[in-house]
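Down below is the structure, laid out as structure tokens.
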Amino acid sequence: MPDVSPSSSCVWVTGAGGLIGHELVRTFVPGAFARVIGLTRADLDLTRAGEVCERFLADRPAAVIHAAAMSKSPACQANPAGARRANVEATRFLADLAAEVPFVFYSTDLVFDGQRGGYVEDDAVNPRSVYAETKVEAEAFVRLHSKGLVIRTSLNHGTSPTRDRAFNEEMSIAWRAGRTLSLFEDEFRCPIPAEETARATWDLLAAGATGVLHVAGSERLSRLEIGRLLAARHADGEARIEATSLRSYQGAPRSPDTSLDSSKAEAILGRRLPAYSSWLAEH
């Protein structure tokens, strides 16, 4: 039988090769858990139930933070079955496997249709994309977990291991390639540094938080405003931007304003989550 005493307890972080998962591993400080085990897809394919069960029984994690996901909306739209395998079925299996320990799951502000913004946790969801639909489905399973915590977050800024996962990295790649970014002046989010999302997660886990909580930046910004903030800091060539509007957009459905009210999480944390523009100015 593996040693599961407090001195040897571990916490699983899935999706450790992604932006938030990487930050969770980087910001981990031993305390309630002695160590963190960061799991990438190469370490463990979460759609292979037998392998997941075998590894879980070997490690006996005292908590699971599930950051792995098929998170690119266009990829989910193109492959709905794959998105549901990765985002719904894998989450349900893992949550059932971890039924006796705290289980943290990341969801998205895009579960809302964006018709008004300022959403609180109890507002009705109305997803407009396959990606968001899978998150809503997965949320339902996690909410049945006695120690489950759903964290809905927004755009996360940071440096991912592959340098292409964060929205700021995607913009930088486009600018280095000489592209002009068309950014909506009337689509709003609450961007947050991934390191702040990770630190908030560790603190909420330590506080025993359960249910649904919003963890996003305290500043509502349009895509255009976000782009201008980043363009001012772009050092690798010219950062070209043009303003556009959802009124002239003819692609897949988009949610105009999915800004989140994070005051419930902030009350537990005892601190205000950062305003993105202020955070950028300090880093």
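In the neighborhood of Glu89, defined by Cβ-to-Cβ distances under 15 Å, what is the net charge if each Lys or Arg adds +1 and each Asp or Glu adds -1?
Once positives and negatives cancel, what remains is -1.
Which of Gln115, Pro193, Asn79 sits farthest toward the positive end of the charge dipole of the chain, with +1 on the Cβ of Lys and Arg and -1 on the Cβ of Asp and Glu?
Asn79
Listing Lys147, Lys135, Lys72 from the residue with the fewest other Cβ atoms within 10 Å to the one with the most, what is the order?
Lys72, Lys147, Lys135
Tell me the angle of helix 167-176 to the major Cα principal axis of the chain, expressed in degrees between 0 and 90 and rounded to the nearest ten.
50 degrees
Could you line up Ser248, Ser277 from fewest to most neighbouring Cβ atoms inside 10 Å?
Final ranking by Cβ density, sparse to dense: Ser248, Ser277.
Can you say what percent of the DSSP beta bridges in region 155-260, counting only those with both residues inside, are antiparallel? Round to 5.
20 percent
Per-residue HN-Hα couplings for region 117-124, Karplus 6.51 cos²θ - 1.76 cosθ + 1.60 at θ = phi - 60°, whole Hz, x for Gly and Pro?
These are the phi-based 3J(HN,Hα) values: x, x, 6, 9, 4, 8, 5, 5 Hz.
Please tell me the relative contact order of region 1-125 in percent, rounded to the nearest whole number, where contacts are Cα pairs under 8 Å and at least six residues apart.
Dividing the mean separation by the residue count of region 1-125 yields 26 percent.
On alpha carbon coordinates alone, what is the Rg over Rh value for the chain, Rh being the Kirkwood radius?
0.96
If you add up the charges near Glu195, with Lys and Arg at +1 and Asp and Glu at -1, over every other residue whose beta carbon is less than 12 angstrom from its beta carbon, what do you get?
0
Counting only DSSP beta bridges with both residues in the chain, tell me the antiparallel percent, nearest 5.
Around 5 percent of the beta bridges assigned by DSSP in the chain are antiparallel ones.
Run the helix sum for the chain: -39,500 (n - 2.57) per DSSP H stretch of 4+ residues, divided by residue count, reported at 222 nm to the nearest 500 deg cm²/dmol. Before the final figure, lay out each step's value.
Working: 11 runs with 99 residues, N = 283.
Dividing the helical sum by the residues of the chain leaves -10000 deg cm²/dmol.
For a quick check: sort His157, His234, His145, His283 by the number of other beta carbons within 10 angstrom, fewest at the front.
Ordered from fewest to most neighbouring Cβ atoms within 10 Å, His157, His234, His145, His283 come out as His283, His234, His145, His157.
Could you compute the net charge surrounding Glu23? Neighbours are other residues with a C-beta less than 13 Å from the C-beta of Glu23; K and R count +1, D and E count -1.
Here the charged neighbours net out to +1.
DSSP loop (so not H, G, I, E, B), at most 10 other Cβ within 10 Å: list which GluC sites (Glu not before Pro) in region 61-129 pass both filters.
Glu100
Bear in mind these aren't lab numbers, they're just calculated from the coordinates by the rules spelled out. In this text the structure is predicted, and so the values were computed from the model without any measurement. Please note: Cβ atoms are built from the backbone with ideal geometry, for glycine as well, and neighbour counts cover all protein chains shown.
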